[in-house]
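J.: Below you'll find the structure I mean.
Each reported figure results from applying straightforward, stated rules to the coordinates on display, with no laboratory input. Values in this document were obtained by computation on a predicted structure and should not be read as measured data. A quick note on method: Cβ atoms are made from the backbone with ideal geometry, for glycine too, and the neighbour counts reach across all protein chains shown.
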Amino acid sequence: MTTVSPTLIQSFKANWRQNIIYIGFPVIFVLFALTLNEKGFLNPNNLLNIVRQTAMIAVMAIAMTFVLSAGEIDLSVGAVAGLATVTVAMTIAVAGPVAGVTAGILTGIAVGMFNGWLTTRIGIPSFLTTLAMMGIAKGVAMWISNTAAVPILSPGYSWLFGGGALAKIPVLLFWMVLFGAIGHMVLRRTGFGRRVLATGGGETAARYSGIDTKAIKFRVLVMSSTAAAFAGMLYAGRLQSGRFQLGEGDELSVIAAVVLGGTSLFGGRGTVVGSIIGALMIGVINNGLILMGLEYSQQLIARGGIIILAVALSQKRS
Amino acid sequence: MNEAADGKSSAAGQLLAVSMAGISKSFGGVRALDDVSLEIEQGEVHALLGGNGAGKSTILKVLNGIHKPDSGTITVAGRKLTAHTPEESRAAGIAMNFQEMSLIPTLTVAQNVFLTREAKAGMGLIDDRAAERKAAELFAILEVDVDPKAVVGDLGAGQKQLTEIVKAISQDAKVLVLDEPSTALAVSDVDRLFVFLRKLKARGVAIIYVSHRMDEIARIADRATIFRDGRHVITAPLSQLPIDTMIEYIVGKRSKGLSDVERGTAVKGEVLLELRGVSGKYKPENVKLAVHRGEVVGLAGLLGSGRSSLARVIAGIEPAVSGEILIKGKAVKIANPGDAIGAGVALVPEARATQGIIPAHSVASNMTLAVLDRVSMAGFVDPEKVRSVTDGMIKRLSVKTASRDHAVSTLSGGNQQKVVIGKWLATDPDILVLDEPTAGIDIGSKSEIIRLVRELAASGKAILFISSELSELLAACDRILVMSEGRMCADIPRELLDDVGIPEHDTAHRLQAAEQRLQIEIQEALKYGQEIGNDDGKSNAYPEL
């Protein structure tokens with residue numbers, strides 16, 4: 001590793017904006033640790049709580065990294081997560097947890113294929129496709145659940161997808177790490193990952209190089225919706241119920257986490273590890289603002305301001 | 001003829017590397033290729049020539065599976081292509097560079113070279129280190145200096161082009177297509193590329209070489225095929241195609257190329273543009289020059305010598321950090337493009353597509369973009385004025401466009417360039433700076449543009465003409481300055497080039513001799529780098545010499 005570190009330092013200096021998360025996260029963390037220590041910020045339970053709250057955002061952010069890297073965007077993730085909580089809960093009630101999990105995943109795949117089809121075959125920009133899908137998914141969730149919460153009475157499901165813990169470590173952390181490791185390897189070290197980056201970095205050039213860019217875009221949109229549905233399953237497991245409001249507004253947190261992490265909004269550059277740390281940073285900020293005793297309205301304003309500041313710093317200027 | 005599935009053979013009985021027969025292709029009613037054929041033998045360098053819109057790019061894209069032909073057959077080494085996809089063409093052994101179009105700016109050089117053919121380390125995982133090593137080996141064979149770890153977006157034009165070429169040759173292709181591979185390369189890089197191409201040729205690789213540069217074709221090609229207006233004109237060995245004949249086939253009967261441009265004698269008036277010790281942020285450095293009314297001053301030099309930077313300084317895009325700019329004898333401050341336009345300076349920039357035009361907008365809106373204030377009343381654009389300005393320019397420059405309302409992107413390269421020139425002429429400048437105005441333009445349009453430059457000078461403008469092509473500088477300029485590393489290093493008067501001891505009437509040979517003379521003068525200047533225009537007369541252009 002001795003030969004690697006000098007080049008690491010060099011590349012860090014050259015690309016500090018892309019790597020701002022690795023400065024920003026420790027700075028915010030230390031700042032909160034110093035100022036909010038008495039309110040229990042460093043308490044292990046509080047820290048584990050941050051992880052629990054962050055896991056869903058992180059899972060969605062990992063897939064969103066692929067979407068942004070391919071030069072597309074998915075605004076429907078929050079609503080799709082909400083829809084999945086409802087389909088999972090309703091299916092568990094009639095057919096048990098295995099069917100419930102299947103229904104959740106299928107919800108994600110179906111929405112993703114629809115998004116992908118509209119974007120790559122009909123040619124509607126993913127920005128609009130997924131913006132419309134956000135409303136459709138939410139509407140469907142409200143409609144099939146009659147806007148009511150659907151309880152989940154399967155302890156096994158709730159343990160595996162939400163409240164469970166192994167040696168005090170929440171299962172949600174395992175899910176986050178598992179998805180993170182797979183996502184990182186796929187983006188960095190597989191032909192698919194390289195094709196995603198190439199598609200976002202220069203679509204014409206990618207096509208001329210023999211890459212089926214439409215198929216790549218289709219696949220990342222399916223990945224994103226499926227990950228969103230999985231995040232919904234985690235929400236459902238944690239809260240032991242399905243509700244259309246779960247995941248509402250998560251798209252902002254997810255996209256902010258990814259961009260903060262160093263992925264380009266314009267495609268071609270992406271980092272899964274950065275996205276996970278970005279998600280953790282947003283979780284820490286949310287937690288800190290609550291511990292400070294801010295009202296919800298103030299939290300929204302402070303969080304928006306911090307995200308804008310951080311994303312502005314992370315943008316590459318030419 | 002043997003039309004069976006095993007394909008055609010050449011006269012020598014050898015299997016043809018590529019045989020394209022009866023290919024037609026239309027785009028929205030416009031016939032880009034009309035029943036053309038192209039046959040390439042193994043182990044030959046085959047030049048593909050034609051003006052803009054002749055169909056060269058289209059047939060290459062058909063061969064590469066980017067476009068599907070409407071009709072016709074393609075046979076590669078005896079195997080007929082059926083799917084017409086990039087994957088199929090690649091599998092058949094065809095590799096091509098795409099004039100910077102096939103590089104992903106956000107990936108590294110090595111990642112680009114081996115895109116979709118990544119080295120694997122096991123378990124299907126990509127091994128970038130191995131790719132970097134392999135790329136470094138390829139660059140070493142070509143003896144060029146490109147860092148495989150560098151991100152492509154950070155590279156200069158020449159290095160991008162080399163990356164593109166290495167990407168094409170790394171595919172171990174049976175047929176290598178090089179589309180304008182040398183536009184951004186230094187002369188020495190072109191020489192090394194040719195050495196390498198000859199090695200590939202000896203191994204039986206067929207090479208299709210597309211270039212606007214006739215001298216390159218003459219050096220490297222064995223045979224040539226010429227297209228015009230989407231039709232096949234001729235295929236013949238190069239020995240039967242002298243340059244004049246080739247040009248005639250390329251442009252038809254309308255022009256004989258650069259040699260017939262009337263240069264006339266410059267009517268030198270007062271000094272319109274003068275620079276005194278002007279330096280930019282990086283380049284240029286301490287430049288002194290003067291351009292007179294009615295004069296075309298050429299600016300020669302290698303890529304990166306600071307010619308374009310000097311143009312941007314004069315046009316206020318990258319304002320000077322020191323020195324004095326005088327226009328009509330008065331010192332002016334040029335801090336932004338608005339100041340320059342106000343002072344009567346116009347720049348026709350080098351990158352036509354990004355800096356010169358807005359491709360999707362109409363001819364009219366492009367031509368009036370720099371004079372919006374003049375065609376507006378109380379902030380509202382007056383369509384009548386737009387029409388009269390545009391129609392006037394279209395006529396004056398004989399721009400070939402279906403109408404003033406057609407998008408500029410529908411025009412040929414030469415006519416797009418005329419739109420850019422027209423846009424700046426509309427500002428009624430005294431001083432016109434042209435940066436590589438004929439890059440990527442066919443020889444017919446080239447001579448039209450050079451003729452236009454001469455006419456503008458004759459009408460009393462001062463013109464600074466940047467070009468990398470000596471024949472063009474010779475055809476257009478009254479005086480040629482040479483730049484190197486941001487400094488002026490030679491001022492070559494016209495008389496020196498005309499005094500070549502060949503009688504007046506033998507124009508072709510005179511020009512040839514003059515071009516050789518100019519080449520020698522420029523090389524001398526670059527070698528010894530005596531800086532000119534320095535008041536103290538001391539040279540510091542090449543302190544290491």
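J.: Sorted from largest down, what three extents in whole angstroms do the Cα atoms of the range A:24-79 have along their principal axes?
T.: Reported extents, whole Å, longest axis first: 43, 22, 14.
J.: Which whole number in µm²/s is D for chain A by Stokes-Einstein, with the Kirkwood Rh taken over Cα pairs at 4 °C and 1.567 mPa s? Display every interim value, and only then the final one.
T.: On the way: Rh = 20.0 Å.
For the chosen part, D equals 65 µm²/s.
J.: Something else now. Equivalent ellipsoid semi-axes for the protein assembly as shown, as square roots of 5 times the alpha carbon gyration tensor eigenvalues: give them largest first, rounded to whole Å. If you can, show how the numbers build up before the last one.
T.: Working: eigenvalues 645, 237, 138 Å².
One finds semi-axes of 57, 34, 26 Å for the protein assembly as shown.
J.: Round to the nearest 10 and give me the degree value, 0 to 90, for the angle of helix B:187-202's Cα axis relative to the longest principal axis of chain B.
T.: Orientation of helix B:187-202: about 10 degrees from the principal axis.
J.: Where both residues lie in the protein assembly as shown, what percent of DSSP beta bridges are antiparallel, nearest 5? Provide the component values of the computation, followed by the final result.
T.: Numbers: 49 of 84 bridges.
Given both bridge residues lie in the protein assembly as shown, the antiparallel proportion sits at roughly 60 percent.
J.: Mean separation of Cα pairs under 8 Å and 6+ residues apart, divided by the residue count of chain A: what relative contact order is that in percent?
T.: Working: 568 pairs, mean separation 108.0, N = 318.
After rounding, I find 34 percent.
J.: List every residue whose amide H lies under 5 Å from the amide H of residue B:374, counting only residues 5 or more places away in sequence or on a different chain, with H placed 1.01 Å from N in the peptide plane.
T.: For residue B:374, whose amide H was placed from the backbone, there are no distant partners under 5 Å.
J.: In deg cm²/dmol, rounded to 500, what helix-only [θ] at 222 nm does chain B give when every DSSP H run of at least 4 residues adds -39500 (n - 2.57) and the total is split over its residues? If you can, show how the numbers build up before the last one.
T.: On the way: 17 runs with 174 residues, N = 545.
Theoretical 222 nm ellipticity from helices: -9500 deg cm²/dmol.
J.: For the range B:228-236, take each phi angle, set θ = phi - 60°, evaluate the Karplus expression 6.51 cos²θ - 1.76 cosθ + 1.60, and give the result in whole Hz per residue in order, putting x for glycine and proline.
T.: 8, 6, x, 10, 7, 9, 7, 10, 7
J.: If I require 18 Å or longer along the helix axis, counting alpha carbons, and a Kyte-Doolittle average no lower than -1.0, what helices from chain A are left? Use full DSSP H segments. If you can, show how the numbers build up before the last one.
T.: On the way: long enough: A:21-35 (21 Å, 2.38); A:44-69 (35 Å, 1.19); A:77-95 (26 Å, 2.06); A:97-117 (30 Å, 1.24); A:126-145 (27 Å, 1.30); A:171-189 (27 Å, 1.56); A:213-239 (39 Å, 0.84); A:272-291 (28 Å, 2.04); A:296-314 (27 Å, 1.25).
Span-like helices here: A:21-35, A:44-69, A:77-95, A:97-117, A:126-145, A:171-189, A:213-239, A:272-291, A:296-314.
J.: Further question on the same structure: Mean 1/r over all different Cα pairs, inverted: what Kirkwood radius does the range B:94-147 give, in Å?
T.: Numbers: mean 1/r = 0.0825 Å⁻¹.
Across the range B:94-147, the inverse of the average 1/r is 12.1 Å.
J.: Multiplying the sequence separation of residue B:244 and residue B:150 by 0.36 nm and subtracting their Cα-Cα distance, what value in nm do you get? Show your work: numbers first, answer last.
T.: On the way: separation 94, 0.36 × 94 = 33.84 nm, distance 4.28 nm.
Taking residue B:244 through residue B:150 to full extension adds about 29.6 nm, to one decimal.
J.: Just to be sure I understand the curve: with the Debye formula and one point per C-alpha of the range B:369-446, what is log10 I(q)/I(0) at q = 0.19 Å⁻¹?
T.: With one equal scatterer per Cα and no solvent, log10 I(q)/I(0) is -0.87.
J.: May I ask for the Kirkwood hydrodynamic radius of chain B, worked out over all distinct Cα pairs and given in angstroms to one decimal?
T.: On the way: mean 1/r = 0.0397 Å⁻¹.
Evaluated over chain B, this radius sits at 25.2 Å.
J.: Using amide H atoms built in the peptide plane, which far-off residues or other-chain residues are under 5 Å from residue B:224 H to H?
T.: B:47, B:236, B:238
J.: Can you pull the one-decimal nm distance between simple spin-label points at residue B:400 and residue A:169, each 7 Å off the Cα toward Cβ?
T.: 7.1 nm
J.: Give the share of C-alpha pairs in each 10 angstrom bin for the range B:352-493, from 0 to the last occupied bin, in whole percents, shortest bins first.
T.: Final binned percentages: 11, 40, 33, 13, 4.
J.: Which length gain, in nm to one decimal place, applies between residue A:309 and residue A:143 when the Cα-Cα distance is subtracted from 0.36 nm times their residue separation?
T.: Numbers: separation 166, 0.36 × 166 = 59.76 nm, distance 3.82 nm.
So the extension gain works out to 55.9 nm.
J.: How big is the equivalent ellipsoid of the range A:48-189 along its three axes, where each semi-axis is √(5λ) from the Cα gyration tensor, reported in whole Å from largest to smallest?
T.: Numbers: eigenvalues 135, 97, 29 Å².
Equivalent ellipsoid semi-axes, largest first: 26, 22, 12 Å.
J.: If amide H atoms are built 1.01 Å from N in the plane of the peptide, which residues on other chains or at least 5 residues away come under 5 Å of the amide H of residue B:96?
T.: Excluding prolines and chain starts, which carry no amide H, the hits are B:177.
J.: Past the 27 Å Cα-Cα mark, which pairs from B:68/B:418; B:25/B:400; B:288/B:330; B:328/B:423? If you can, show how the numbers build up before the last one.
T.: Numbers: B:68/B:418 32 Å; B:25/B:400 23 Å; B:288/B:330 15 Å; B:328/B:423 23 Å.
Cα-Cα > 27 Å for B:68/B:418; rest within.
J.: May I pose another question? For the pair residue B:82/residue A:127, report the inter-label distance in nm, with labels modelled 7 Å from Cα in the Cβ direction.
T.: Placing both labels 7 Å beyond Cα along the Cβ direction yields 4.3 nm.
J.: On a 0 to 90 degree scale, rounded to 10, what angle separates helix B:383-396 from the longest Cα axis of chain B?
T.: Compared with the principal axis, the helix lies near 80 degrees.
J.: Relative to the longest principal axis of the C-alpha atoms of chain B, give the angle of the C-alpha long axis of helix B:413-425, reported between 0 and 90° and rounded to the nearest 10°.
T.: Around 20 degrees separate the two axes.
J.: What full-extension length gain, to one decimal in nm, is calculated for residue A:106 and residue A:215 as 0.36 nm per residue of separation minus the Cα-Cα distance? Let's see the in-between values first.
T.: Details: separation 109, 0.36 × 109 = 39.24 nm, distance 1.95 nm.
Result for the pair: 37.3 nm of gain on full extension.
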